[in-house]
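Here's the structure we're looking at; comments come further down.
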Amino acid sequence: MRYRLLEHTADAMVEVYGATLGERFANAAYALFDQMTDVTKVSPTGEVRLELQADNREQLLVDFLQELLFLHDVQDLVFSEFEVDTDGRRLVAKARGEPFDEKKHPKRSVVKGVTYHRLEFDDDKKTVTALFDV
């Protein structure tokens, strides 16, 4: 299991799993796009490479997810596969997907942003809790 949806009154809150920090970042990206559409219907035919730096892993995760959301909003891309290499301050990632097609990709929610509110890394459980503004 990559993630589970947590109960939240207005937004989409997820708990993401992963043995490594990179896997948790990748699964957070997967959860983000799974809120927008059924990612099992997204073919990984194109690839985008991202390199980011931040002062801490919280900022890096938010920046990473916001960058993916920006690509969705501006280039109309949806992604289903993610490879992330990170030490918590620097990130190199590949996101694979395709242009959004309303006939192929059913709309679920419109994610407007990623927030620091309720963002929590639990290194013992190897989880991240994140909140998406829908």
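Read-outs: derived from the displayed coordinates by stated rules, not from any lab. Since the model is a prediction, treat every value here as computed from it, not as a measurement. Virtual Cβ from ideal backbone geometry, glycine too; neighbours counted across all protein chains shown.
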Which value at 222 nm does the chain reach when only helices count, each DSSP H run of 4 or more adding -39,500 (n - 2.57), with the total divided by all residues and rounded to the nearest 500 deg cm²/dmol? -9000 deg cm²/dmol
Using the Kirkwood radius over Cα pairs of the chain, the Stokes-Einstein translational diffusion coefficient at 10 °C and 1.306 mPa s, in µm²/s and rounded to a whole number, is 109 µm²/s
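Taking 0.36 nm per residue of sequence separation and subtracting the Cα-Cα distance, how much length would be gained by fully extending the chain between Gln66 and Asp124, in nm to one decimal? Mind dumping the intermediate values first?
Values: separation 58, 0.36 × 58 = 20.88 nm, distance 2.60 nm.
In short, 18.3 nm is gained.
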May I ask which residue of Leu6, Thr86, His105 lies farthest towards the positive end of the charge dipole of the range 3-133, with charges of +1 (Lys, Arg) and -1 (Asp, Glu) on Cβ and the Cα centre as origin? His105
GNM flexibility winner over the chain from His72, His105, His117 (Cα, springs under 10 Å): His117
List the aspartates and glutamates whose Cα sits under 12 Å from the Cα of Lys126, skipping any in the same chain fewer than 8 residues away. Glu15, Glu23
Shape box of the range 1-58 [Cα atoms, principal axes, largest first, Å]: 33, 32, 22
For the range 67-134 and the range 9-54, write down the distance between their C-alpha centroids in whole Å. 4 Å
Trypsin sites (Lys or Arg not before Pro) within the range 84-134: which are DSSP loop residues with at most 13 other Cβ atoms inside 10 Å? Arg89, Lys103, Lys112, Lys125
Packing-based exposure ordering (other Cβ within 10 Å, fewest first) of Asp133, Asp122: Asp122, Asp133
GluC sites (Glu not before Pro), restricted to the range 1-87: which are DSSP loop and have at most 10 other Cβ atoms within 10 Å? Glu7
